[in-house]
Structures are given as structure tokens and as C-alpha cells.
């Protein structure tokens, strides 16, 4: 279904913000663990041009599931490779969940105030951040969830898990287009968004008379 111009003007900034913060979080966490690779590659930045993957952006725009260019890391810089890989991989989805919560807070505050463009951008910022987080937590290569899982698996199981890595992207695309994966992920995303909205309304409702 084609999007209107007004809809696109809201979707695109939300997408760029969600993707940029996701990849920046990976790069910043890796740098905090002693890995300068992302910094040397120009990825320690919120500039979306440094992070965009055209196909991943199109997928996220159309079906709400997508990706950016992976941040390059070198786990040999980490003092503890497993812990470093775990936290670096978790940083991206974690940033999206945090950003989604902040966007929900701002959206609830300005909703109905007449700032339609900002209202729509914040609305899509909530949606794309939550969907980006739960999509990336799927334990299939090359998504963050696969690295999180591999950092937790015992060595004898890690060998078998790494054997499927070359087939991960193909399996992921198959599940998205021909499987039931979206039908499983959408309810999870909706539950998180509803939780955010309920929490923010509970916290903000007593303060609304002070602002409006």
C-alpha cells in the first residue's frame, strides 16, 4: 500500500533516528570495552549516513523489520570476549527499547496539541524502535540475538550453533516472507507498546493539568 507524503515525512526521520541510535549504541559499547574498530571506521556517530543499509531500510519501512550496516567489532580487544560480545550485542536493542520509552513519554505529552508532524514522528519513533529491538533480538545470524546467544552458550553447543551462521540471512528472509515470524513478533511488539503507554499515562496523567 503506498504511503502519503505526510506519512513518509514522519516515517523517514523516525527510521533514521531508530537505526542511528541502534548502531551508535553498539559502537559506543564496543569502545567502552576497549575496541576502537568502530571509531576508526567512522561508526561512532549518530550520523545516519554512516549506518544505512539500503535493503535493511526498505525492509524496515515496508514490513517494520529491518537492519542497518553492522558495526565492525573486534572481540580480541575485550578483556573478557564473551562478556564484551554480550553487552555490545545487547546495547543496540537496549537503546531502541529505551528510545521507544522516551518517545512514548514525549508522544503522550504533545498528543492532541496541534503539532501534527511532531506527533506523527514520535508515533513512528515508538513503533520503529520497539520493532527494531525485538527483531534484532531474534537468535538467528546475523542479528544481535545470535551474538547474545552465542556469548551465553557452552563451548560444545557453540560449535554447532556457529555452523548455521552462513545460512542465517537466508533462513531469516524465508521466515519473514513465507513463515509465521511476523505473526509471532507483532503481538510482542504491541504488548511492549501498550506497556509503555500504560506506564507513561500512569506517570504523566497527574502532571498534565500543569502543562495544559
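In whole Å and largest first, what semi-axes does the C-alpha gyration tensor of the stretch 1-110 yield when each eigenvalue is scaled by 5 and square-rooted?
Values: eigenvalues 161, 49, 25 Å².
Sorted largest first and rounded, they come to 28, 16, 11 Å.
If you fit an axis through the alpha-carbon atoms of helix 5-32 and take the longest principal axis of the Cα set of the chain, what angle between them do you get, 0 to 90°, nearest 10?
40
If each residue's Cβ is checked for other Cβ atoms within 10 Å, how do 101, 122, 58, 199 rank with the fewest at the top?
Details: 101 17, 122 23, 58 11, 199 14.
If I rank by nearby Cβ atoms, fewest first, I get 58, 199, 101, 122.
What 222 nm value per residue comes from the helices of the chain, counting each DSSP H run with n ≥ 4 as -39,500 (n - 2.57) and dividing by all residues, nearest 500 deg cm²/dmol? Let's see the in-between values first.
Details: 10 runs with 150 residues, N = 212.
Here the helix-only value at 222 nm equals -23000 deg cm²/dmol.
On full extension of the chain, what length is gained from residue 49 through residue 152, given 0.36 nm per residue of separation minus the C-alpha to C-alpha distance? List each step's numbers first, then the result.
On the way: separation 103, 0.36 × 103 = 37.08 nm, distance 3.26 nm.
Contour length minus the Cα-Cα distance gives 33.8 nm.
Return the single residue from 81, 43, 180 with maximal mean-square fluctuation; model: Gaussian network over the chain, springs between Cα atoms under 10 Å.
Result: 180 has the largest fluctuation of those listed.
Given the Cα-Cα distance of residue 102 and residue 161 and 0.36 nm per residue of separation, how much length would full extension add, in nm? It would help to have the intermediate numbers written out before the result.
Values: separation 59, 0.36 × 59 = 21.24 nm, distance 3.55 nm.
Gain on stretching residue 102 to residue 161: 17.7 nm.
To the nearest Å, what is the center-to-center distance of the stretch 1-63 and the stretch 169-204, using C-alpha atoms only?
19
Note the angle between two axes, namely the Cα long axis of helix 81-110 and the longest principal axis of the Cα atoms of the chain, as a number of degrees from 0 to 90, rounded to the nearest 10.
Taking the Cα atoms of the chain, the angle to 81-110 is about 10 degrees.
Quick one: helix 168-178 against the long Cα principal axis of the chain, what's the angle to the nearest 10°, folded into 0 to 90?
40
Under a 10 Å cutoff between Cα atoms, tell me which one of 141, 70, 54 has the largest fluctuation in the Gaussian network model of the chain.
Of 141, 70, 54, the most mobile in the Gaussian network model is 54.
Report the relative contact order of the stretch 5-211, percent, no decimals, based on alpha-carbon pairs under 8 angstrom and at least 6 residues apart.
Values: 270 pairs, mean separation 45.7, N = 207.
22 percent.
Quick one: P(r) of the stretch 5-211 from all Cα-Cα pairs, 5 Å bins, percents rounded to integers, in order of increasing distance.
Taking all Cα pairs of the stretch 5-211, the binned fractions are 1, 7, 14, 18, 18, 16, 12, 7, 4, 2, 1, 0 percent.
Give me the percent relative contact order of the stretch 64-179, please, defined on Cα pairs under 8 angstrom at least 6 residues apart. Can you show the working numbers first?
Details: 102 pairs, mean separation 33.1, N = 116.
Answer for the stretch 64-179 is 29 percent.
Using r as the Cβ-Cβ distance of residue 79 and residue 58, and R0 as 45 Å, what FRET efficiency do you calculate, to the nearest 0.05? Walk me through the intermediate numbers first.
On the way: r = 39 Å, r/R0 = 0.86.
So, using R0 = 45 Å, E works out to roughly 0.70.
Post the alpha-carbon centroid distance, the stretch 116-133 to the stretch 64-112, in whole angstrom.
With the stretch 116-133 and the stretch 64-112 each reduced to a Cα centre, they are spaced 16 Å.
Is the stretch 54-113 rounded, prolate or oblate when judged by the Cα gyration tensor, a ≥ b ≥ c being the square roots of its eigenvalues, rounded requiring a/c under 1.5 and prolate requiring a/b larger than b/c? Numbers along the way, then the final one.
Values: a/c = 4.31, a/b = 1.66, b/c = 2.60.
Judged from the Cα gyration tensor, the stretch 54-113 comes out oblate (a/c at least 1.5, b/c at or above a/b).
Each value in this text was obtained by applying a stated rule to the coordinates, not by laboratory testing. Remember, it's a predicted structure, so these values are computed and weren't measured experimentally. Glycine gets a Cβ as well: all are built from the backbone with ideal geometry, and neighbour counts include every protein chain shown.
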